[in-house]
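Let me begin by presenting the structure, written as structure tokens, before commenting on it.
Each value in this text was obtained by applying a stated rule to the coordinates, not by laboratory testing. Bear in mind that the values here come from a model prediction, so they are computed numbers and not experimental data. Cβ: placed from backbone, ideal geometry, glycine included. Neighbour counts: every protein chain shown.
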Amino acid sequence: MTIEFTLNGEPQTILIEADDNALTCLPAPFRGEGRCLDGGCGRCSIIVSGRVVPACNTPAYRLHNSEVFTVDGLETDRLYQSIRRAFEKVGLDRCREAWSAMVMLAYQILSEVENPTEAEIQRYSRYFESRCAAREEFDRAVRLAGRVHFGRRRHGRERR
Amino acid sequence: MGGSADSRPLHGDDLVVAASLSDALQVLRREPDTEVHAGGTSFLDRERLQTHVDRDVPILAIHAVRELRRIIKREIDVEIGAAVPCSRLRELGGRVLPEIVLSALDDIGPPPVRNLATIGGALCLPTLQLPIGAVLEIIDARVEIRRHGNSRTIPITQMRDESGSLRLGPGEIVTRIRIPRRRWNRYELHVFGRPYPEGDPSLTVALVAQTDKAVLNELRCIFMSDGHTVIRPVEAETDLMGRNLPLTERDRRGIIAAVERDPRFGEELDDLGRWRASNSLRLFLQSLA
């Protein structure tokens, strides 16, 4: 059957099987490096209809009529920009391998909790494993991104 | 970055994305062996994908069914549609759902998975019960099960047989879950190991209590090994109702001994599991002081 969706703003029409996953619907450059196939590593995370989901664990049919974004499609997104700046400031931009997983996790945290506490960040990130980033660095980067993004929003200078 | 949610349903030979509950029940009436997906996350892991290919059964996706995506808050309980994602339930917070349920929702999987996974899907894994199932069992949650022309509501304990396998008849689906809003002011949930996917050793210990000043009004405990074996010391729990706090050493030993006397405690749990189960209960009882 055929599904239609937009990927990073571009319309897509793709033929799928019932048991295909969303990874098979993404062109190679957008697939991410994750191969855990249970959603644990987070590297293939995508945003479907405003929610972060693991592409490897998402049925392809769930993309039908949705807006899909990969991390590459978020360049103009204000929240993403705040996250990227905070990650660079803390030094988390060194690891390209886990970049998309960390960014998408931060994106999900800040989409759901405006000013997350350390405990809340840990609740979200307890499944996340990275050999290149310490937990404290990640916590600090997320809180910084939240302060930058929502602090500005509150003052009306920036909008998501 | 909002999205349009499935405005035009998909239909194919091997997949139907139902737009309404009556559509879904019609499909199940015609094809009772259809595999039902609420969130659709579980069938995509490697083993289950292989199972699906081998069985060659059609898929019925219910994630777009409006009736099953509703949450109705009532005075005594919260009625949750089977296709409500876990992340949406988590957002309800502790004023609506018992804290132990929220804690169990966090154990369903990583945050992105919780955006897809549903409580209905988690309860309907064919041969495996997740921690959320054990938690809902001790707080007396009930499930509504529907098939074409028929509906029944049963306690969650009756969803599975002795071996832990799901007891749903052909053409039946879980449509709603009713979670009592009763306040348990003390709770603990320990999940040791990974309950999902199947095959990894795990132990879930869920403990809730309601205390009032220095009196233990009610205590419930459940121990679940590897997502199958469930131990509940119901009689010992009842014996402790109305006892003054802190509990005496004798009372504490009594309920721990009741758990340890259960034949499955010795047979199904290894040494570490037994130690974890007994100590989790002991520490919880001590904390009630």
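Modelled this way, with points 7 Å down the Cα-to-C-beta line, the labels at B:SER22 and A:SER111 are 3.4 nm from one another.
For chain A, the mean residue ellipticity at 222 nm estimated from helices alone is -11000 deg cm²/dmol, where every DSSP H run of n ≥ 4 contributes -39500 (n - 2.57) and the total is divided by all residues, rounded to the nearest 500. Quick check for you: which residues of the stretch A:113-146 have the amide N under 15 Å from the point 7 Å beyond the Cα of B:GLU91 toward its beta carbon? Backbone N within reach: A:113-115. When each of the peptides B:108-117, A:140-149 is scored by the mean number of other C-beta atoms lying within 10 Å of its residues, the order from highest to lowest reads B:108-117, A:140-149.
Between the listed residues B:LEU25, A:ILE46, B:VAL174, the Cα displaced farthest toward the positive end of the dipole of the protein assembly as shown, a dipole computed from Cβ unit charges relative to the Cα centre, is found at A:ILE46.
Per-residue mean of foreign Cβ neighbours for B:104-111 is 6 (Cβ atoms of other chains, 10 Å radius). For the stretch A:109-149 and the stretch A:40-104, what is the centre-to-centre distance using only Cα atoms, to the nearest Å? The stretch A:109-149 and the stretch A:40-104 have Cα centres spaced 14 Å from each other. Helix screen, chain B: DSSP H segments with Cα axial length of 18 Å or more and mean Kyte-Doolittle hydropathy at least -1.0 are B:271-287. Among the residues of A:41-54, the average count of other protein chain beta-carbon atoms within 10 Å of the residue beta-carbon is 5. Relative to its Kirkwood radius, the Cα radius of gyration of the stretch A:2-70 gives an Rg/Rh of 0.92.
Spin-label pair B:ILE154-B:ASP13: with each label point 7 Å from Cα along the Cα-Cβ axis, the two points sit 3.5 nm from one another. Seen from a random direction on average, the alpha-carbon convex hull of the stretch A:62-112 projects onto 4.2 square nanometres. On C-alpha positions alone, give me the angle between the axis of helix A:135-154 and the longest principal axis of chain A, in degrees, nearest 10. Approximately 90 degrees, to the nearest ten. Under a no-solvent Debye model with one identical scatterer per Cα of the stretch B:66-180, what's log10 I(q)/I(0) at q = 0.20 Å⁻¹? Each listed q corresponds, in turn, to -1.11.
Inter-chain Cβ neighbour count for A:124-130, averaged per residue, equals 3 (cutoff 10 Å, partner chain atoms only).
If R0 equals 45 Å, the separation of the Cβ atoms of B:ASP161 and A:ALA28 corresponds to a calculated FRET efficiency of about 0.45. For the protein assembly as shown, the Cβ-based charge dipole about the Cα centre amounts to some 1900 debye (Lys, Arg positive; Asp, Glu negative; other atoms uncharged). For the pair B:LEU283 and B:ASP140, label points projected 7 Å from Cα toward Cβ lie 2.9 nm apart. Ranking of A:ASP20, B:ASP33 by neighbouring Cβ atoms within 10 Å, starting from the fewest: B:ASP33, A:ASP20. Separation of the stretch B:146-219 and the stretch B:235-289, taken as the distance between their Cα centroids, equals 20 angstrom. With R₀ fixed at 45 Å, the C-beta to C-beta distance from A:GLU118 to B:GLU31 puts the FRET efficiency at about 0.35. Charged neighbours of B:ARG253, selected by a Cβ distance under 13 Å, balance to 0 (K, R count +1; D, E count -1).
Each Lys and Arg Cβ is given +1 and each Asp and Glu Cβ -1; about its Cα centre, the stretch B:186-287 then shows a dipole of about 420 debye.
When Rg and Dmax are taken over the Cα atoms of the protein assembly as shown, they come to 22.8, 69 Å.
Taking the fewest neighbouring Cβ atoms within 10 Å as the starting point, the ordered list for A:THR13, B:THR157, B:THR118 is A:THR13, B:THR157, B:THR118.
Once the gyration tensor of the Cα atoms in chain B is diagonalised, the equivalent ellipsoid follows with semi-axes of 36, 21, 16 Å, ordered largest first.
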